[in-house]
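Q: Okay, handing you the structure first.
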Amino acid sequence: MLIGSLLSGSLLSGSLLSDYEIAALLLSLKVSSVAVIASLPLGILCAWLLARVEFPGKALFDSVLHLPLVLPPVVVGYLLLISMGRQGFIGQWLFNWFGISFSFSWRGAALAAAIVSFPLMVRAIRQSFETVDIRLEQAARTLGSSRWRVFLTITLPLTSPGIVSGMIIAFARSLGEFGSTITFVSNIPGETRTIPLAMYSFIETPGAEYQAMRLCIISIVIALASLLASQWMSKKALQRTASVC
């Protein structure tokens with residue numbers, strides 16, 4: 001009933017979204033994009049280490065990387081608050097020396113989103129590295145190419161669809177982050193109020209069901225599109241490695 005009224009009424013009349021909802025959407029896109037781009041280099045490095053290098057404590061390292069997947073988001077937010085907050089043992093140093101503050105700002109929301117989505121990115125990229133035939137890399141090394149050149153000219157191009165897939169999954173996960181964000185940076189309109197936090201505010205506001213439903217539909221559409229794009233990129237990655245091998 002609510003969805004039918006929404007589609008026949010406010011969603012299709014005049015402006016689809018209010019300025020408040022547009023601000024939440026744009027902030028979510030900004031936070032998620034920054035989170036993915038900032039964590040991508042480290043994600044590629046960690047994925048390569050897990051896929052290509054054997055070292056003591058590898059299982060522990062892998063488990064620590066995946067902790068954000070199993071920890072309650074509130075726990076992640078609290079750990080960020082006591083470490084990266086204005087009075088945290090890292091955040092205080094960053095603020096005093098560089099004037100950088102993560103607490104109660106969109107930068108903190110991006111940091112929280114990056115940490116929560118990081119394991120998904122690493123897992124997707126790692127699987128892509130593991131599909132590349134290591135004999136191709138070894139052959140290039142025997143022909144005189146350095147390890148770095150082999151990585152840039154062979155490994156990275158072959159894994160690029162998987163890397164893009166990992167970025168898409170991390171982006172979608174970042175868009176949906178709620179618990180760690182509200183714990184670490186609160187729910188400040190125009191600064192930290194992303195789509196999930198805006199929906200939470202609408203749900204708590206009497207008579208704001210239509211606004212909450214609009215944001216709900218937007219979230220579902222973005223998530224579904226992201227999953228379809230990720231699956232398509234994963235398929236492309238398998239086809240590329242199969243054709244090379």
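The values are calculated or read from the model by the stated rules, or taken from the named source; none is laboratory data. None of these values were measured; they are calculated from a predicted model. Positions of Cβ are backbone-derived with ideal geometry, glycine not excepted, and every protein chain shown enters the neighbour counts.
Q: Going through the range 140-162 one residue at a time, which ones are touching a Ser or Thr at 6+ places or on another chain (Cβ under 9 Å) and of a type in the set (A, V, I, L, M, F, W, C)? So that I can check it myself, show each step before the final result.
A: Within the range 140-162, the subset touching a Ser or Thr at 6+ places or on another chain (Cβ under 9 Å) is 140, 145, 153-154, 158-162.
Passing the criteria: Ala140, Ile154, Leu158.
Q: Here's a follow-up. What residue, of Leu158, Leu152, is out of contact with any strand residue (DSSP E or B) (no Cβ under 7 Å at 6 or more places or on another chain), assigned to a helix (DSSP H, G or I), surrounded by fewer than 18 Cβ atoms within 10 Å (Cβ to Cβ) and not acidic (Asp, Glu)?
A: Numbers: Leu158 fails: surrounded by fewer than 18 Cβ atoms within 10 Å (Cβ to Cβ).
On inspection, the qualifying residue turns out to be Leu152.
Q: Answer yes if at least one residue in the range 134-153 is at pLDDT below 90, polar (S, T, N, Q), under 30 Å from Ala109 (Cβ atoms) and in contact with a helix residue (DSSP H, G or I) (Cβ under 8 Å, 6 or more places away or on another chain), and no otherwise.
A: No: zero hits.
Q: Limited to the range 111-132, what total is found for residues that are surrounded by 24 or more Cβ atoms within 10 Å (Cβ to Cβ) and acidic (Asp, Glu)?
A: Looking only at that region, the number is 0.
Q: While we're here: Taking Ile115, is it assigned to a helix (DSSP H, G or I), farther than 20 Å from Leu69 by Cα and β-branched (Val, Ile, Thr)?
A: Taking the combined requirement at face value, the residue does not satisfy it.
Q: Which one is modelled with the highest pLDDT among residues in the range 189-245 that are within 21 Å of Glu130 (Cα to Cα) and buried (at least 18 other Cβ atoms within 10 Å of the Cβ)?
A: Checking each candidate, the answer is Ser230.
Q: Any residue in the range 99-110 that is over 11 Å from Met84 (Cβ atoms) and at pLDDT 90 or above sitting within a Cβ distance under 7 Å of a residue that is among the small types (Gly, Ala, Ser) and buried (at least 24 other Cβ atoms within 10 Å of the Cβ)? List the pairs, counting only those 6 or more apart or interchain.
A: Within 7 Å, the pairs are Ala110/Ala35.
Q: Listed residues Phe98, Phe61, Phe102, Phe89; which is among the aromatic types (Phe, Trp, Tyr) and touching a Gly at 6+ places or on another chain (Cβ under 9 Å)?
A: Answer to the selection: Phe102.
Q: Any residue at all in the range 194-207 that's out of contact with any Ser or Thr (no Cβ under 8 Å at 6 or more places or on another chain), assigned to a helix (DSSP H, G or I) and closer than 30 Å to Ala51 by Cα?
A: no
Q: Restricting attention to the range 95-112, which residues are part of a helix (DSSP H, G or I) and either among the β-branched types (Val, Ile, Thr) or over 23 Å from Ala172 (Cβ atoms) (or both)?
A: Phe95, Asn96, Trp97, Phe98
Q: Please work out if Val164 is touching a Gly at 6+ places or on another chain (Cβ under 7 Å) and touching a residue at least 60 places away in the same chain (Cβ under 8 Å).
A: No: the conditions fail for Val164.
Q: Just wondering, is there one or more residues in the range 131-144 that are touching a Phe, Trp or Tyr at 6+ places or on another chain (Cβ under 9 Å) and under 23 Å from Glu54 (Cβ atoms)? If you could, list the steps in order and put the result at the bottom.
A: To start, the set of residues in the range 131-144 that are touching a Phe, Trp or Tyr at 6+ places or on another chain (Cβ under 9 Å) comprises 137.
Filter once more, keeping what is under 23 Å from Glu54 (Cβ atoms): 137.
So far as the range 131-144 goes, yes, one or more of its residues are touching a Phe, Trp or Tyr at 6+ places or on another chain (Cβ under 9 Å) and under 23 Å from Glu54 (Cβ atoms).
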